[in-house]
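The values are calculated or read from the model by the stated rules, or taken from the named source; none is laboratory data. All of these numbers come straight from a predicted model, not from anything done at the bench. Note that we place each Cβ from the backbone using ideal geometry, even for glycine, and neighbour counts take in every protein chain shown.
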Amino acid sequence: MTAQPRRKLSVPPYVSFLLFNLVFFMMDTTGSYFQIYLNDIGLNKTMIGTITGTASLVALIFQPFFGVLTDSAPSKNRILQLLVILTAVLYPLILVSKSAAYILVIYVLYTIFRNFQHPLNTTMSVEFSERSGRPYGPIRMMGAVGYALMMSLVGVVSAQEQGVEKTFFLYSGVCLVNVLLIFLMPTMKGYNRRSEGKRISPLTLLRSRPILTLMLFQILLGVSNSICRNYFGIYFTDDMGGSNQLYGTMLSVAAAVEIPFLFMADRFLKKLGARRMLFILGIVTSIRWFVCFLAQNTATLFGVYCLNFINILETITYSLLLSRMVAPQLKTSVQTLSATIQNVVSILISSYLGGFLADLVGIRPLFLAGGILSAAVTVIFCTFVLKFDVEKPILDANE
């Protein structure tokens, strides 16, 4: 009897993206304890800011290259797998030595490969959503579900003896699961190749005023947000006396609160419009930082952090708007440029400046400064600057 060929495991494409995003955002849970680890081993806030800021600066140099490479790659999936494997190996190596110089070198290498994973996943997910006609919100919502589930585990682990160190190995375990799940996803290829038709120079993005305007808004709002978020963990545990387990519980609950809002993200943007949605999100963000400045206990901070879905909705709004504004050839490049500006340039500024100010005046005043800057940027841009038609593609393949 002739042996029957084995059937390849088949998962519906949309389901594969749901499953992958469920596990992908679990990797973010352990990163919440990185600065707590640095604080625990005796590094001051200026040094912590120097490590995170320098890593972001070096990563900034590589991000555009990764974006161009991926837009012309036969398979974006294989690139994402390679990046995840590299970070799985590098992150636990941070524990080998408590030398600030050693940690800086390893964390720089880790950040180079880690920072590009989010924009690449966003590109693949948004592009598949547009191509299939299925909403992007539920895909990103699965990330919140996975984050909430994993964060509950990370919170328990971190409360154990040497628990913070154990979170580094949890990260590597989640990475390996992600690598396997990518095999289930449909192949997403880059379109900026001659074999796919017309090539478009990524420099075209730098000549688009609407894109640059939106990214400038991201820079200014991102600076204030990063200054506040970067030191929230230390503020919660060290300044306000919260435990590592309570901190983990807070992150888990906040992620769970995100779920219904992410499910409706596409509808919010369609109903409110780009400017109005960004205005509402920006004002609520500034109010959050003002409340953190006035907070007197961890319960207040717990409630404030449960509004973290505001920041996630901001990121989704940027991603959807930028994807609609460019041709398929530049979808990864534009998301990479956006993420580089939003997550690297803002972190760079807030890490150096924020670390210095945190040591100089303390963390609490940073929330006041962040709230004022968020409110001012939101009002100015959403009232006078952001006046483009986001429904009309700006960089068309035929241009």
Quiz item: What number goes with the only condition from (1) more than 23 Å from G354 (Cα to Cα); (2) surrounded by fewer than 18 Cβ atoms within 10 Å (Cβ to Cβ); (3) of a type in the set (V, I, T) that T300 does not pass?
Solution: (1)
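Quick check on V84: is it touching a Cys at 6+ places or on another chain (Cβ under 6 Å), of a type outside the set (S, T, N, Q), in contact (Cβ under 8 Å) with a residue 60 or more places away in the chain and surrounded by 20 or more Cβ atoms within 10 Å (Cβ to Cβ)? Outline the logic, then answer.
On the way: touching a Cys at 6+ places or on another chain (Cβ under 6 Å): yes; of a type outside the set (S, T, N, Q): yes; in contact (Cβ under 8 Å) with a residue 60 or more places away in the chain: yes; surrounded by 20 or more Cβ atoms within 10 Å (Cβ to Cβ): yes.
In short, yes.
Are any residues in the range 234-250 part of a helix (DSSP H, G or I) and hydroxyl-bearing (S, T, Y), and if so, which ones? Explain how you work it out, then say what you get.
Initial filter on the range 234-250 (part of a helix (DSSP H, G or I)): 234-239, 244-250.
Residues satisfying the conditions are Y235, T237, Y247, T249.
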Exercise. Return a yes/no flag: does the range 300-308 have any residue that is part of a helix (DSSP H, G or I) and within 28 Å of M215 (Cβ to Cβ).
Key: yes
Quiz item: From E127, E196, which residue is acidic (D, E), modelled with pLDDT under 90, more than 18 Å from the chain's Cα centre (by Cα) and more than 25 Å from Y91 (Cα to Cα)?
Solution: E196
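Quick one: is D40 surrounded by fewer than 18 Cβ atoms within 10 Å (Cβ to Cβ), at negative phi and among the acidic types (D, E)?
Details: surrounded by fewer than 18 Cβ atoms within 10 Å (Cβ to Cβ): yes; at negative phi: yes; among the acidic types (D, E): yes.
The answer is yes for D40.
Kindly indicate whether any position in the range 318-339 is within 29 Å of T237 (Cα to Cα) and either among the polar types (S, T, N, Q) or not in a loop (DSSP other than H, G, I, E, B) (or both).
The initial filter retains those residues of the range 318-339 that are within 29 Å of T237 (Cα to Cα), namely 339.
Going one step further and asking which of them are either among the polar types (S, T, N, Q) or not in a loop (DSSP other than H, G, I, E, B) (or both), we end up with 339.
Yes, the range 318-339 has at least one match.
Can you name every one of the helices (runs of 4 or more DSSP H) wholly within the range 1-96 that holds 3 or more residues which are under 22 Å from I341 (Cα atoms) and at pLDDT 90 or above? Don't jump to the end; show me each part of the working.
Numbers: elements: 13-24, 27-31, 34-40, 45-71, 76-93.
Ranges flagged: 76-93.
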Self-check item: Single residue of A339, A299, A327, A295 found to be in contact with a Pro (Cβ under 6 Å, 6 or more places away or on another chain) and aliphatic (A, V, I, L, M)
Solution: A339
Self-check item: Qualifying position, being at pLDDT 75 or above, at negative phi and of a type in the set (A, V, I, L, M, F, W, C), among L353, L395
Solution: L353
